[in-house]
Each structure stands twice: as structure tokens, then as C-alpha cells.
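See below for the structure under consideration.
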Amino acid sequence: MGFKFQGVDFIKFDSLLNEDELMVRDTARAFVEDNLIPIIEDCFREGRFPRELVPMMGELGFFGANLQGYGCAGMSNVEYGLVMQEFERGDSGFRSFVSVQSALVMYPIYTFGTEEQKRKWLPELAAGRKLGCFGLTEPGFGSNPGGMTTRATRDGDEYVLTGEKMWITSGTIADVAIIWAKVTDEEDRVRGFLVETDRPGFRADEVHGKWSLRASVTAGLALQEVRIPVTNLLPGTGGLKSPLMCLNQARYGISWGAIGAAMSCYDTALQYAKMRKQFRNEPIASHQLIQEKLVWMISEISKAQLLSLHAGRMKDAGTLGHEVISLAKRNNVWMALECARIARQILGGNGITEDYPIMRHMMNLESVITYEGTHDIHALIMGQAITGIPSF
Ligand code: TGC
Ligand code: FAD
């Protein structure tokens, strides 16, 4: 069941994209239609990450796509955003996996790593031969990562890491974890470390019982005196600013991804409303209240597209501030969740089934509105930007 995606473009948004951008978008769209859509409902129901798609994604250049060299595709930030849009039109959990691999694992190695670290890890991660995860959040420190208790202590040519991380996407399938820890002999300065997940003392346990992002792996990590060579320190890191720079990359991608989830809900609701007949044997799309719901969705999707495109153009120009990323992430994820709720109503009882993607998007978006900074934390980040007063 379900409908074939018809494309969503009310404001001639495509006319704002160049040929390369349209080609990248269409390649990602075809990949999702041909490979992800046919299996995603089963994956979600079974709580299974579709790992079989990873090699093809590596071949198509979808990992670390906006990085240059080291086997990466060297896409612009707008092209990268359009890929995220298409992936999340398929499923937020699938997009999460790609966000983590690209923005939270490859980006910090690329930005803070040595030449040797980059040569060792980036081509493998770009090809999908190695997978990574990003450990910032802890059981007691989510919105406030600065409170983290994970510690790294220097011991000769090694660092010894001890602590716990929570809610870590791809935690049990990762070959390498980027672990953020306070370095005891540097006055507890936060720094990033490359931790191979087969090192003694490293454990990852999958989180079960999720009603959201079921096609993505989430795990708790335990590090019990894990020894790594000092060469595994990412030398460019120093202070909480470093992981927050990684979050900027991921949040920017999420702002696009959310548009994809909203497009899927809107397109499904539109096609359903034109087909479903009630009362005068006319489609429910002929009723004013249904039309208003569709209009709300397409209005918000169109505004979100312009916001993310503007952010992407600024990112490509090097002028994108993190407060604008907060605006885009906060607005677009909220918008997508509202679209999922409205679209679900348009489908009536059918809206709650797996025959249509809407309920899955709705449940997924409950995670997306929480991770990478909750909706309210992004309000506080924007509040600080406009008043100059931090209120956390
Ligand atoms: P604060 O004192 O404000 O800031 C510390 C230093 O960082 C600078 N800074 C930033 N730099 C770059 N980008 C940003 N977005 C930045 N925000 C702040 C700041 O200027 C300062 O620099 P300096 O030089 O003075 O040291 O830090 P705070 O402890 O008060 O916290 C501020 C807050 C709330 C904004 C931050 O901690 C926060 O963003 N909290 C939310 C946590 C979060 O988003 N966690 C995400 C974990 S990863 C994840 O969820 C992956 S989900 C999978 C997927 O992506 O799909
Ligand atoms: P809390 O910080 O405890 O917040 C609870 C509530 O309190 C929220 O509503 C919040 O907005 C509110 N609140 C907190 N502080 C304030 C304040 N000062 N003022 C007003 N309200 C406040 N993390 C990683 O490091 N790596 C990952 O790969 C990763 N993947 C994830 C995948 C999933 C599926 C999920 C659900 C989370 C993931 N996270 C990951 C963690 C995610 O970033 C955190 O869940 C998020 O930052 C919120 O932290 P918390 O859950 O501890 O909530």
C-alpha cells in the first residue's frame, strides 16, 4: 500500500537550485525510492538497521559528502542538505545513521585530526567499510554536556578513559567511537578521542524498547579504564566548543532532513485526500477543512525550504552562525512533527497503520525534536543570541 512520492514544490523551489544540486537530489531520491522505501516498514517493525545498504551508499559518496579529499565526494553544503532531505523522507533513523557517520564522526576527524588520523580513518568511513559513533551525552548530562563525568588521564604514552555514555546512535555497530572526555591533567578540559570499539574495557549495549527511530541503532557505552595510545587524541579539540562545532554540522543537516519527513507526510495526505470519498461521494480534498490542513502543511514546508537553503548558502559562504542553525533545526523539526500530526488526521483510521509512512515519521520525529538539542534548548540558544543573556 502507500503512494509513490510525487515530489513537492509549491514555490518553484527547484528554480533556486543549480544543475549539480538537482542531480545530487535526484540521485539520493532514486536511491531512497529503489532501496530504502521497499524495506523501511519491515526494518522499523523489526527494529532492524538496514546495514545491507551501507556499501552502496559508500559507492555513491553519501558519507562525509560535504568534506573534501580522503575519498569524500566534496559536495557543497546545499547538496549535502538535499541528500539529508531525501534520506529523511525515507526515514529519520536512516538519516540519523548518515548524520552521525558524516557530521559527528568524519567531520571531527577531518577538522581536529592529524594527517595520519585522517588518512587512516576517512577513506574507510567514506566507503562505509568502517562505521563510527559519537559519544557526548551521558546518563546524567544530556542538555548540559559540559557537566560530563567521563575522564581521560594520561599514563605515559597512553590515555586511560573511564565513564559512561548514553543514547549513542550506532553504538553497537561502530568500529570507532569519538569519545568526549575531560582530561584530568589539563584542568578537566573537554577533548575528543578516537576509541576503537574492540579495546579491552569498552562495552556497548543496545537500548531496546524504543517506539521511535526503530530502524536506527541506539546504545549505551561503558568505558572501564580503556587504554588508548596518545596518538588517538584529536589534537585540534579543546573545550566544549569542539563537540558543539560537530553538532552545528549535524543540526544543519537535520533542518533539511525534517523537510523530507514533512514532504512524505504532506504528499501522502494530498494523494489520500484526492482519492478518499465521504459524504457527497466526493473526495475529502473537496472539503474546506481538509484543504486548509493541506495549505498549512505546504506553506510551512515552503518556508522551511527557504530557511534551510538560505542557511546552506551561508554555510557555503562561511557566514552561517550557530544561532541561525538553531532557528532552522528548531523550526523545521517542529514543522515536520505538526505536518505528521495533521497528515495523520487526514488519513483517518488508515493513518495509524504501517500501510502509510505517517505514523512512523511522527514517532521518529519525537526523537528528532529531542536530540541534537531539544526544541526548548534551541529556544534558549536563540534567546541568548538576541538578548545577550544566557538563561540555561
Ligand atoms: P557555553 O558556555 O554556552 O559554550 C561553551 C563554548 O562553546 C561555544 N559555543 C559554540 N561553539 C560552536 N558552536 C555552537 N553551537 C556553540 N555553542 C556554544 C561558546 O561560545 C563557548 O566558547 P568559549 O570559547 O567561550 O569556550 O556552554 P554551556 O555549557 O552553557 O552549554 C550551552 C548549550 C546549551 C548551548 C550546549 O551545551 C548545547 O547545545 N546543549 C544541547 C546538547 C546537545 O545538543 N547534544 C547533542 C548530542 S549528539 C546527538 O544528539 C546526536 S543525535 C543523532 C543525529 O544527529 O541524527
Ligand atoms: P534532558 O537534558 O534531561 O532534558 C529533559 C527536558 O528538560 C527537556 O524537555 C529539556 O528541554 C528540558 N531542559 C533541560 N535543561 C533545561 C533548561 N536549562 N531550561 C529549560 N528546560 C530545560 N547523544 C550523543 O551524544 N550521541 C548520539 O549519537 C545520540 N543519539 C541519540 C539518539 C536518540 C534516539 C536519542 C533519543 C538521543 C540521542 N542522543 C545522542 C542524546 C540527545 O542529544 C539527548 O537526548 C538530548 O540532548 C537531551 O538530553 P536528555 O535526553 O538527557 O534530556
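Of a type in the set (Val, Ile, Thr), farther than 21 Å from Gly253 by Cα, assigned to a helix (DSSP H, G or I) and not assigned by TED's automatic domain parsing to the domain that holds Glu88, is that true of Ile381?
Considered against the rule, which asks whether it is of a type in the set (Val, Ile, Thr), farther than 21 Å from Gly253 by Cα, assigned to a helix (DSSP H, G or I) and not assigned by TED's automatic domain parsing to the domain that holds Glu88, Ile381 comes out as no.
If Tyr252 satisfies every condition in (1) within 30 Å of Ile11 (Cβ to Cβ); (2) of a type in the set (Phe, Trp, Tyr); (3) over 17 Å from the mean Cα position of the chain (by Cα) but one, which is the exception?
Unmet condition: (3).
When you go through (1) within 16 Å of ligand 2 (Cβ to nearest atom); (2) touching a His at 6+ places or on another chain (Cβ under 6 Å) one by one for Cys265, which number turns out not to apply?
(1)
In the set Gln117, Gln85, which member is within 17 Å of the chain's Cα centre (by Cα) and either modelled with pLDDT of 95 or more or crowded, with 19+ Cβ neighbours inside 10 Å (or both)?
Gln85 is the lone residue from the list that is within 17 Å of the chain's Cα centre (by Cα) and either modelled with pLDDT of 95 or more or crowded, with 19+ Cβ neighbours inside 10 Å (or both).
Of the residues Met314, Met362, which single one is in contact with a Lys or Arg (Cβ under 7 Å, 6 or more places away or on another chain) and assigned to a helix (DSSP H, G or I)?
Checking each option against the conditions leaves just Met362.
Restricting to region 82-108, name every residue that is of a type in the set (S, T, N, Q), within 11 Å of ligand 2 (Cβ to nearest atom) and over 16 Å from Gly58 (Cα atoms). Walk me through how you get there before you give the answer.
Taking region 82-108 first, the residues of a type in the set (S, T, N, Q) are 85, 92, 96, 99, 101-102.
Narrowing further to those that are within 11 Å of ligand 2 (Cβ to nearest atom): 92, 96, 99, 101.
Scanning region 82-108 gives a single hit, Ser92.
Considering Ile386, Ile325, which residue is modelled with pLDDT of 95 or more and under 17 Å from the mean Cα position of the chain (by Cα)?
Going through Ile386, Ile325 in turn, just one is modelled with pLDDT of 95 or more and under 17 Å from the mean Cα position of the chain (by Cα): Ile325.
Determine, yes or no, whether Gly90 is small (Gly, Ala, Ser), under 18 Å from Ser170 (Cβ atoms) and either in contact (Cβ under 8 Å) with a residue 24 or more places away in the chain or not assigned by TED's automatic domain parsing to the domain that holds Tyr107 (or both). Give the steps one after another, and end with the answer.
Values: small (Gly, Ala, Ser): yes; under 18 Å from Ser170 (Cβ atoms): yes; either in contact (Cβ under 8 Å) with a residue 24 or more places away in the chain or not assigned by TED's automatic domain parsing to the domain that holds Tyr107 (or both): yes.
Judged against the criteria, Gly90 is a match.
Can you find a residue that is assigned to a strand (DSSP E or B), out of contact with any helix residue (DSSP H, G or I) (no Cβ under 9 Å at 6 or more places or on another chain) and more than 30 Å from Thr319 (Cα to Cα) anywhere in region 183-191?
Looking for residues that are assigned to a strand (DSSP E or B), out of contact with any helix residue (DSSP H, G or I) (no Cβ under 9 Å at 6 or more places or on another chain) and more than 30 Å from Thr319 (Cα to Cα), one finds at least one in region 183-191, hence yes.
Checking Asp316 against (1) within 29 Å of Ala269 (Cα to Cα); (2) among the charged types (D, E, K, R); (3) more than 16 Å from ligand 2 (Cβ to nearest atom), which single condition isn't satisfied?
Asp316 satisfies all of (1) within 29 Å of Ala269 (Cα to Cα); (2) among the charged types (D, E, K, R); (3) more than 16 Å from ligand 2 (Cβ to nearest atom) except (1).
Within region 230-247, is even one residue among the hydrophobic types (A, V, I, L, M, F, W, C), away from ligand 2 (no atom under 16 Å from the Cβ) and not in a helix (DSSP H, G or I)? Explain how you work it out, then say what you get.
Kept after step one, since they are among the hydrophobic types (A, V, I, L, M, F, W, C), are these residues of region 230-247: 230, 233-234, 240, 244-247.
With the extra rule that they be away from ligand 2 (no atom under 16 Å from the Cβ), the set shrinks to 230, 233.
Of the ones still in play, those that are also not in a helix (DSSP H, G or I) are 233.
Yes, region 230-247 contains a residue that is among the hydrophobic types (A, V, I, L, M, F, W, C), away from ligand 2 (no atom under 16 Å from the Cβ) and not in a helix (DSSP H, G or I).
Given the residues Ile178, Ile173, which is the only one that is within 23 Å of the chain's Cα centre (by Cα) and more than 13 Å from ligand 1 (Cβ to nearest atom)?
Ile173
Just to be sure, is Leu17 in contact (Cβ under 8 Å) with a residue 12 or more places away in the chain, more than 28 Å from Val217 (Cβ to Cβ) and not assigned by TED's automatic domain parsing to the domain that holds Ala311? Even if it seems obvious, please write down each step before you answer.
Details: in contact (Cβ under 8 Å) with a residue 12 or more places away in the chain: yes; more than 28 Å from Val217 (Cβ to Cβ): yes; not assigned by TED's automatic domain parsing to the domain that holds Ala311: yes.
Considered against the rule, which asks whether it is in contact (Cβ under 8 Å) with a residue 12 or more places away in the chain, more than 28 Å from Val217 (Cβ to Cβ) and not assigned by TED's automatic domain parsing to the domain that holds Ala311, Leu17 comes out as yes.
For region 194-217, state whether one or more residues are within 13 Å of ligand 1 (Cβ to nearest atom) and closer than 28 Å to Glu115 by Cβ.
Within region 194-217 (the criterion being within 13 Å of ligand 1 (Cβ to nearest atom) and closer than 28 Å to Glu115 by Cβ), the answer is no, since none of the residues qualifies.
Do the conditions hold for Ala343, that is, is it in contact (Cβ under 8 Å) with a residue 60 or more places away in the chain, within 16 Å of ligand 1 (Cβ to nearest atom), closer than 14 Å to Tyr266 by Cα and not in a loop (DSSP other than H, G, I, E, B)?
Criteria not met by Ala343.
Quick grid of which residues meet (1) within 10 Å of ligand 1 (Cβ to nearest atom); (2) touching an Asp or Glu at 6+ places or on another chain (Cβ under 9 Å); (3) in a loop (DSSP other than H, G, I, E, B):
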| position | (1), (2), (3) |
| --- | --- |
| Glu116 | no, no, no |
| Lys120 | no, no, no |
| Arg129 | no, yes, yes |
| Thr153 | no, yes, no |
| Glu164 | no, yes, no |
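Looking at the structure I just gave you, is Gly351 more than 10 Å from ligand 1 (Cβ to nearest atom) and on the phi > 0 side of the Ramachandran plot?
Taking the combined requirement at face value, the residue does not satisfy it.
Suppose we keep only residues that are touching a Pro at 6+ places or on another chain (Cβ under 8 Å) and closer than 20 Å to Ser216 by Cβ within region 139-179. Which one would you say is farthest from ligand 2 (Cβ to nearest atom)?
Only one residue fits best here, namely Ile178.
The values are calculated or read from the model by the stated rules, or taken from the named source; none is laboratory data. From a predicted model like this one, the values you see are computed outputs, not experimental measurements. Cβ atoms come from the backbone with ideal geometry, glycine included; neighbour counts cover every protein chain shown.
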